[in-house]
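This report refers to the structure that appears directly beneath it.
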Amino acid sequence: MKASDFDFELPEELIAQQPLPERRASRLLLLDPLSGSRQDAHFAEIGDYLEPGDLLVFNNTRVFPARLFGRKHSGGKVELLVERLLGDRRVLAHLRASKSPKPGTPMTLEGGIECVMSERDGDLFLLDLADDQSGSWLELLQRHGHMPL
């Protein structure tokens, strides 16, 4: 299975940029597991659809400014989306470029962030901050990153 198997078109105007003033008014999509039919509802009605023994899983994750833009030192544009912090100086990221960088390729990202693509890990890339770069990936993303919406 590849990450690209999950790619799909989602028009930007359908992505909420802010929560609704009244959270109870949030929309709820219901899926009947037997028939596969779908139904629109509102989150305030969720109790109408729950039965004893049902399991609720809460997701308290937050969107993080994990997208950065920049250039390879050869001039080609790059866009990266950090998937995982692997310490202060190393990340695992999706990387989009006209030509896939080879290990050892230096890059300059927004905010003057200097990094090097150290190796590939399947569809992802391991990126290390340059030795003279101050700060951690987390600090740099909080300062210069974009929300991946």
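Read the figures in this text as sums done on the coordinates, not as results from a lab. Since we're looking at a predicted model, the values are computed, not measured. Here the Cβ is made from the backbone with ideal geometry for all residues, glycine too, and neighbour counts use every protein chain on show.
Here are the numbers for this structure:
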| item | result |
| --- | --- |
| Neighbour cut-off at most 16 other Cβ (10 Å), DSSP loop, GluC sites (Glu not before Pro), the stretch 1-101 | 9, 22 |
| Average Cα contact separation per residue, the chain, under 8 Å, 6 or more apart, as relative contact order % | 19 |
| Calculated SAXS-style log₁₀ I(q)/I(0) at q = 0.18, 0.21 Å⁻¹ - the stretch 67-144, Debye, Cα scatterers | -0.61, -0.86 |
| Full-stretch length increase - residue 45, residue 15 - with 0.36 nm per residue and alpha-carbon distance subtracted | 8.6 nm |
| Label zone at residue 62, where the point sits 7 Å out along the Cα-to-Cβ direction: the stretch 131-147 residues whose backbone N lies under 16 Å | 138-147 |
| Nitroxide proxy distance, nm - points 7 Å out along Cα→Cβ at residue 7 and residue 71 | 2.6 |
| Pairwise FRET efficiency - residue 83 versus residue 34, Cβ, R0 = 30 Å, nearest 0.05 | 0.25 |
| Stretch gain in nm, segment residue 118-residue 99, where the contour uses 0.36 nm per residue and the Cα spacing is subtracted | 5.3 nm |
| Candidates per chymotrypsin sites (Phe, Trp or Tyr not before Pro) in the stretch 1-67, loop by DSSP, up to 10 other Cβ within 10 Å | 8, 58 |
| Trypsin sites (Lys or Arg not before Pro) within the stretch 64-149, DSSP loop, no more than 12 other Cβ atoms inside 10 Å | 99 |
| Kirkwood estimate for the chain, i.e. one over the average of 1/r between Cα atoms, Å | 18.5 |
| Residues 61, 108, sorted so that the one with the fewest Cβ neighbours within 10 Å comes first | 61, 108 |
